């Protein structure tokens, strides 16, 4: 079940905090509860993504994105993500999450997030997010103007550009039943 109580709590807390620009880093804190665990008694990877969703909500409220979405009847959508898991999060661990929009291109906003426990990084995610209207995708520049955002983004970091490029080579639509990637070259991972 979606953590509606956590959503209400972080939304209320975000409204009490000082406003940020979209390029600022937002910090949120959560605890790993018993209902967040998987069968190995660690934070479930699905719940990790849900908590990251809450972290983006906090940034969205604090930088004025959520207000712009409401005023224009727009919606926010995740169009891609890449997650790295490096350290287990156990029950009752206090999680510190950092969320920051690292830039945009002609269609998407790119958001980097990370979870930390006791000063150690546990996971990180890069999110490709879009804003949609009834007419389709809303250009990031239009969204930033609606927010009254004056912060200037620099170039996207090279690792984000490389991720974008690698996503262009991934087959879409996915293969159906019985189909294989026979034409895909095997590449060794180092």
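Coordinate-derived values only; no laboratory data. Every value quoted in this text rests on a predicted model; they were computed, and no experiment measured them. So basically every Cβ, Gly included, is an ideal-geometry build from the backbone, and we count neighbours across all protein chains shown.
Hey, what number do you get for the chain at 222 nm if only DSSP H runs of n ≥ 4 count, each worth -39500 (n - 2.57), divided across all residues, to the nearest 500? That calculation yields -9500 deg cm²/dmol at 222 nm. Just so you know, the averaged projected area of the alpha carbon convex hull for the chain sits at 13.8 nm². For the listed peptides 101-107, 170-176, 83-89, a ranking on the average number of other beta carbons within 10 Å per residue, highest first, reads 101-107, 83-89, 170-176. At full extension, residue 24 and residue 156 could sit 46.0 nm farther apart than now, given 0.36 nm per residue minus the alpha carbon distance. FRET efficiency for the residue 85 to residue 12 pair, using the beta carbon distance and R₀ = 35 Å, is estimated at 0.75.
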